[in-house]
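J.: My structure is below; once you've seen it, I'll send some questions.
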Amino acid sequence: MSNRTLAILKPDCVEKNLIGQVVQKINEAGFKILAMKMTKLTNDSAGGFYEVHKERPFFNDLMAYMTSGPCVPIALEKENAVADFRKLIGATNPENAEEGTIRKLYAESIERNIVHGSDSDENAAIEISHFFSRKELLENNGF
Ligand code: ADP
Ligand code: MG
């Protein structure tokens, strides 16, 4: 079991000035921030990140949304990080998300759902390396 996951505070989170509230929730849930940056995704970068969804009907909309403004990728550490973070954010569709989850609290739709969380240890490692170099993780955290 890995102890890392990748979060992205998506463009709607940044646009709505919710970075502070969402980071507070993440900290209160016991996650340590290993690395964090604000960046605007290009079509290539967003397309690479969401490669698995490229045949889905919502892919083009997803690309437009994810490149619409800056987002905030965050590498997180906690025991059982992937599953615990998915629990903290709630279901993809905020209508189905549990009370108190980040998506239930802040998301407006299944697409504009505020935050990304990796879905497996394998993808967490790939996704963290999509945004952060080994050197950055090392310099920030000493390992
Ligand atoms: P999750 O982010 O919960 O892992 P998915 O990996 O299935 O969800 O989808 C990636 C992202 O694509 C979602 O977070 C959401 O922004 C968008 N998305 C997923 N399903 C739909 C849909 N049916 N219609 C529009 N956008 C969607
Ligand atoms: Mg997913």
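J.: Please list, ordered by chain and number, the residues whose modelled amide H lies under 5 Å from the amide H of K40; skip anything fewer than 5 residues away on the same chain.
T.: Hits under the 5 Å cutoff: C71.
J.: Further, regarding this structure: How do 84-95, 21-32, 4-15 rank on mean C-beta neighbours within 10 Å, highest first?
T.: Final packing ranking: 4-15, 84-95, 21-32.
J.: Too long at a 24 Å Cα-Cα cut-off: which of K16/K87; K54/K104; K54/K135; K54/K78; K25/K54; K25/K135?
T.: K54/K104; K54/K135; K54/K78; K25/K54; K25/K135
J.: Given a 1.4 Å probe and heavy atoms of the protein chains only, how would you sort R56, R103, largest accessible area at the top?
T.: R56, R103
J.: Also: Taking the Cα atoms of the stretch 1-117, what is the range of coordinates along each of the three principal axes, in descending order and whole Å?
T.: 34, 29, 29
J.: Note down the Stokes-Einstein diffusion coefficient of the stretch 84-143 in µm²/s, whole number, using a Kirkwood radius over alpha carbon pairs, 20 °C, and 1.002 mPa s.
T.: After rounding, the answer is 167 µm²/s.
J.: Give me log10 I(q)/I(0) at q = 0.15, 0.19, 0.20, 0.29 Å⁻¹ for the stretch 61-114, Debye formula, one equal scatterer per alpha-carbon, no solvent.
T.: Once normalised to I(0) and log-transformed, intensities are -0.48, -0.74, -0.80, -1.09.
J.: For the chain, calculate the relative contact order in percent as a whole number, restricting contacts to Cα pairs under 8 Å that are 6 or more residues apart.
T.: RCO, the chain: 37 percent.
J.: Rank by packing, highest mean first: peptides 71-82, 129-140, with packing defined as the count of other Cβ atoms within 10 Å averaged across residues.
T.: 71-82, 129-140
J.: 222 nm [θ] for the chain, helices only, -39500 (n - 2.57) per DSSP H run of 4+, per residue, to 500? Let's see the in-between values first.
T.: Working: 8 runs with 63 residues, N = 143.
Computed ellipticity for the chain at 222 nm equals -11500 deg cm²/dmol.
J.: Report the semi-axes of the equivalent ellipsoid for the stretch 30-79 in whole Å, largest first, where each axis is √(5λ) for an eigenvalue λ of the Cα gyration tensor. Provide the component values of the computation, followed by the final result.
T.: Working: eigenvalues 120, 37, 14 Å².
In descending order the semi-axes read 25, 14, 8 Å.
J.: Now a separate question. Between E55 and E15, 0.36 nm times their residue separation minus their Cα-Cα distance comes to what?
T.: 11.6 nm
J.: How big is the gap, in Å, between the Cα center of the stretch 111-135 and the Cα center of the stretch 1-18?
T.: So the two Cα centres are separated by 9 Å.
The values are calculated or read from the model by the stated rules, or taken from the named source; none is laboratory data. From a predicted model like this one, the values you see are computed outputs, not experimental measurements. Using ideal geometry, Cβ is built from the backbone for each residue, glycine included, and neighbour counts are taken over all protein chains shown. The area values use the complete protein model at the heavy-atom level, side chains included, leaving out ligands, DNA and RNA. Shrake-Rupley method; radii C 1.70, N 1.55, O 1.52, S 1.80 Å.
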